[in-house]
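Only one structure is covered here, and it is reproduced in the block below.
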Amino acid sequence: MKTVDQQNVLLDTFNLVRGPRLGRGGSGEVVLASAKHDPSLKVAVKMVSLKRKSGETDFFNEVSFLRELRHPHILKMIAFACVPQHGFILMTYYQNGTLSSLIWSEPLKGRRMLGHVLDVTCALEYLHNRYIYHQDVKPLNILLDNQDRAILGDFGHAKQARDSSAKVREWVSTPGFYGPETRKGRPMCPFKLDMYSLGVTMWLLVYRTHTIHPDPLAAKDYCRKVREPYRRILLQLLHKDPNQRWRAADLMRFSVWNSLRAPSQLTTR
Ligand SMILES: Nc1ncnc2c1ncn2[C@@H]1O[C@H](COP(=O)(O)OP(=O)(O)O)[C@@H](O)[C@H]1O
Ligand SMILES: [Mg+2]
């Protein structure tokens, strides 16, 4: 075991011991660390290289959002620190992995899958009400806490728009999670693009495959076996017309009305 703070930075205050790697993404790695005085006290530490301009931009962007946001379904930052070439974000350790690991481990029951989708919807409603869009909603950026609640993390690409009618010209999410309007070269609603990425996330939870039809609505046959209300939600989130695609608030309202009728089985036989 090495100390996390090999460069004698502010993190030394926490006197941490570096444990195993929890994950890796575009901006660096995330490791588990425990306090020296009490090894049962665990935190996750995201270590970002600031050598490249893009790393530096994403790091300070993420920190500036995480220090302001307070929501039960948004990742909690405990502290941050930086030295000339490295940035560190100390966060709550979510020990049940990400939604991505769930996809490959076990078939999900309908209600549990919907619970995770609604947790993220709740976080997105909170963000979108503040004109913030996440820009990288995907299973690898959604963590699970010890009560099986989904927690939205990785705010490296998040941005705040001027108001609810703001449009963007570029979108930098992960390939495969882009809404079809990104191919048209016209101004786009960033909030509806987040909802499309949530739709792709739900698609992955339902079908457990990365083979996503470029226009999932055209692949309606695919959806035939998926029961209501899951099917309706999937189709509304992946609607290729952003004007008809649901907002987070629409999905919340729909789910309140339908929660009692959601069957535990996702598909018909
Ligand atoms: N707080 C955390 N607790 C547990 N694992 C985490 C935590 N934060 C991130 N991870 C793991 O590290 C991976 C990369 O973290 P992320 O913030 O998405 O970094 P990047 O910006 O490089 O994509 C995640 O996909 C997840 O597996
Ligand atoms: Mg990530």
Residue list for the stretch 118-148, restricted to those being within 16 Å of ligand 2 (Cβ to nearest atom) and assigned to a strand (DSSP E or B): Tyr133, Ile142, Leu143, Leu144
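Is it fair to say Leu108 is within 29 Å of Ser40 (Cα to Cα) and of a type outside the set (D, E, K, R)?
Values: within 29 Å of Ser40 (Cα to Cα): no; of a type outside the set (D, E, K, R): yes.
Against the criterion (within 29 Å of Ser40 (Cα to Cα) and of a type outside the set (D, E, K, R)), Leu108 does not qualify.
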Residues within the stretch 111-147 that are modelled with pLDDT of 90 or more, within 21 Å of Pro263 (Cα to Cα) and either over 13 Å from the mean Cα position of the chain (by Cα) or surrounded by fewer than 18 Cβ atoms within 10 Å (Cβ to Cβ) (or both), tallied: 4
Conditions (1) hydrophobic (A, V, I, L, M, F, W, C); (2) away from ligand 2 (no atom under 15 Å from the Cβ); (3) not assigned by TED's automatic domain parsing to the domain that holds Phe14: number failed by Phe80: (3)
Which numbered condition Leu108 misses (of (1) closer than 28 Å to Ala161 by Cβ; (2) buried (at least 17 other Cβ atoms within 10 Å of the Cβ)): (1)
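Could you grab me the full set of residues in the stretch 123-148 that are of a type in the set (D, E, K, R) and within 13 Å of ligand 1 (Cβ to nearest atom)? Walk me through it before giving the result.
Narrowing the stretch 123-148 to residues of a type in the set (D, E, K, R): 125, 130, 136, 138, 145, 148.
Across the stretch 123-148, the qualifying residues are Asp136, Lys138, Asp145.
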Of the criteria (1) assigned to a helix (DSSP H, G or I); (2) of a type in the set (A, V, I, L, M); (3) away from ligand 2 (no atom under 16 Å from the Cβ); (4) modelled with pLDDT under 95, which one Leu108 fails: (1)
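The values are calculated or read from the model by the stated rules, or taken from the named source; none is laboratory data. Just so we're clear, the structure is a prediction, and the values are computed from it rather than from any experiment. Using ideal geometry, Cβ is built from the backbone for each residue, glycine included, and neighbour counts are taken over all protein chains shown.
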